[in-house]
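The values are calculated or read from the model by the stated rules, or taken from the named source; none is laboratory data. Small disclaimer: the values here were computed from a predicted structure and weren't measured. Using ideal geometry, Cβ is built from the backbone for each residue, glycine included, and neighbour counts are taken over all protein chains shown. Ligands, DNA and RNA are stripped out before the accessible areas are found, and what is left, the full protein with its side chains, is counted by its heavy atoms. Shrake-Rupley method; radii C 1.70, N 1.55, O 1.52, S 1.80 Å.
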Amino acid sequence: MLTASHWIFLIVVILVIIGMAMRRGVIPLCILGTFLMGWVFTRDFVKGIQVVYNANLQSAEELLGIIIIIGLMIALLRLLEQIGADQLVLKPFRQLFKGPGSAFWGTGLIKGIISAFVWPTPATMMVGPMMIPIALRAGLPIIGVAMTMNLFGHGIALSGDFIIQGAPKLTSSAAGVGIMDLIIASVPLVIVTGLVSLILSYWFLRRDMKNGLIVIDQLVEEKSQTEFSYASKFAAIVVPLAFIASIILTITLSLKGGDASALIGGVSLLLFTIIALIEHGRKAYEVVMKNLQEGFIFSIKIFAPVIPIAGFFFMGSPDISPLILGKGAPGYLFDLGNALANHVPLSAIPVAIIVVLVGIIAGLDGSGFSGLVLVGTLAQALGKPIGVNVAVLAALGQMGSIWSGGGTIVPWGVLDIAGVTGVEPETLTRRNFLPVIIGLAAATIVAIMMM
């Protein structure tokens, strides 16, 4: 049974979605929504105020890992720029892309391939620092770099997850179908969602570039540096090799998620410290401190606006909601998804729409994987009675959950991309929103035909 707090949560979610679609800021709405949720659930005005703080605190704790790894990566990049090592690293690749089109598709494809093996967030740290300057030099705006890396990695690669198979394993288990059946069913859906989203995103980008709405980023002219220190030459060789080795280790050791990110973060910090010591000797502590400060200032500046938004949506998770609202708090997104499924007549078309919508809604908490069990269970419960292909239905739900919460249309799901590129998370998700939703609608039509 839906309570008053469920209805408040639903209304705020709808308003936030409308705000994102209209490219409006939603931070004040999420803060006020969090307060109302706390007040209504606890029936205590003072506790409602405290919930606002608790939600932001819990959000910050959940996001701390990505904030730290971005800060460390930026500190390393700043040091490489200061000693000229970035010039040496990029020199062989400057002519890799001939224009913004090849840069858009080439950068995204590289990111997508790496993401398939190590998952998107670690892949962002590996690919971003090397590919961004090359793409910018080819005339692709930084927002374009962010979009293609995001859609190829957190969209196509993660929604299929054909190699690591974490997503299809969860979905298939809940749906009661074989993992290979689900993977086979998801292939055309991944292709359709990905192609539609990417083509629309690229078309919108080129249109806005042509109309002058997006300014092409100008790289700062490089110093006429002809001599490089030993540390610069060392870093130019060791840093790329270290990240390539990290990719290999991640694959061979089957590291996933946080473990893979921890490897990248540890490698970055060790490289940063060693290079600073080689270049500056006893004065390295000053350089280390300054660059770490710059790295974390940059990271916090990017992620601070996301914390109150994520704090509201984390109340949708049954695992995190009690930590914010108190004991007995439900997972609002999951409750709303089940309620939707229980109040719509069953046939192939409405069932498909229900499952993909539930996936999208469940993904709004920022974890695409959290909704997979729900959509898998729904696919089995709703699909079997009407005799449709449960594997296809479950794969469709997986598309909705991963493309939403895996990190393309919610600001707290694109933090790694935002941190590496410097693009505001809300700016990126606003540009992704319409292409991704149209892509998922196209996949829904294909799924209905397949069922």
Flagged in the range 1-16 as crowded, with 18+ Cβ neighbours inside 10 Å and more than 26 Å from the chain's Cα centre (by Cα), in numbering order, are SER5, HIS6
Filtering the range 274-319 down to residues that are small (Gly, Ala, Ser), part of a helix (DSSP H, G or I) and either open to solvent by 20 Å² or more (accessible area, probe 1.4 Å) or closer than 24 Å to LEU63 by Cβ (or both) yields GLY281, GLY295, SER299, ALA310, GLY311, GLY316
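GLY84: at positive phi and crowded, with 16+ Cβ neighbours inside 10 Å, yes or no?
yes
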Of the residues in the range 383-399, those that are of a type in the set (A, V, I, L, M) and crowded, with 24+ Cβ neighbours inside 10 Å come to ALA391, VAL392, LEU393, ALA394, ALA395, LEU396, MET399
Among residues of the range 63-85 being in contact with a Ser or Thr (Cβ under 9 Å, 6 or more places away or on another chain) and not hydrophobic (A, V, I, L, M, F, W, C), the residue farthest from LYS233 (Cα to Cα) is GLY65
Exercise. On the given criteria, is VAL215 outside any helix (DSSP H, G or I) and either modelled with pLDDT of 85 or more or under 26 Å from THR429 (Cβ atoms) (or both)?
Worked result: yes
Scanning the range 410-448 for residues that are crowded, with 24+ Cβ neighbours inside 10 Å and not in a helix (DSSP H, G or I), the one nearest to the chain's Cα centre (by Cα) turns out to be VAL414
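Of LEU77, LEU72, LEU64, LEU29, which residue is out of contact with any Leu (no Cβ under 9 Å at 6 or more places or on another chain), crowded, with 18+ Cβ neighbours inside 10 Å, of a type outside the set (S, T, N, Q) and part of a helix (DSSP H, G or I)?
So the residue among LEU77, LEU72, LEU64, LEU29 that is out of contact with any Leu (no Cβ under 9 Å at 6 or more places or on another chain), crowded, with 18+ Cβ neighbours inside 10 Å, of a type outside the set (S, T, N, Q) and part of a helix (DSSP H, G or I) is LEU77.
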For the range 93-126 the number of residues that are open to solvent by 10 Å² or more (accessible area, probe 1.4 Å) and among the β-branched types (Val, Ile, Thr) is 4
Quiz item: Do the conditions hold for LEU198, that is, is it at pLDDT 90 or above and not in a helix (DSSP H, G or I)?
Solution: no
When every residue in the range 126-144 that is touching a Phe, Trp or Tyr at 6+ places or on another chain (Cβ under 7 Å) and part of a helix (DSSP H, G or I) is compared, the one modelled with the highest pLDDT is GLY144
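Restricting the range 169-183 to residues that are of a type in the set (Ser, Thr, Tyr) and either open to solvent by less than 20 Å² (accessible area, probe 1.4 Å) or within 13 Å of LEU396 (Cβ to Cβ) (or both), which is farthest from the chain's Cα centre (by Cα)? Please lay out each step first, then the result.
Our first condition is that a residue be of a type in the set (Ser, Thr, Tyr); within the range 169-183, this holds for 171-173.
Those still in the list that are either open to solvent by less than 20 Å² (accessible area, probe 1.4 Å) or within 13 Å of LEU396 (Cβ to Cβ) (or both) too: 171-172.
Numbers: THR171: 19, SER172: 23 Å.
By that ranking, first place goes to SER172.
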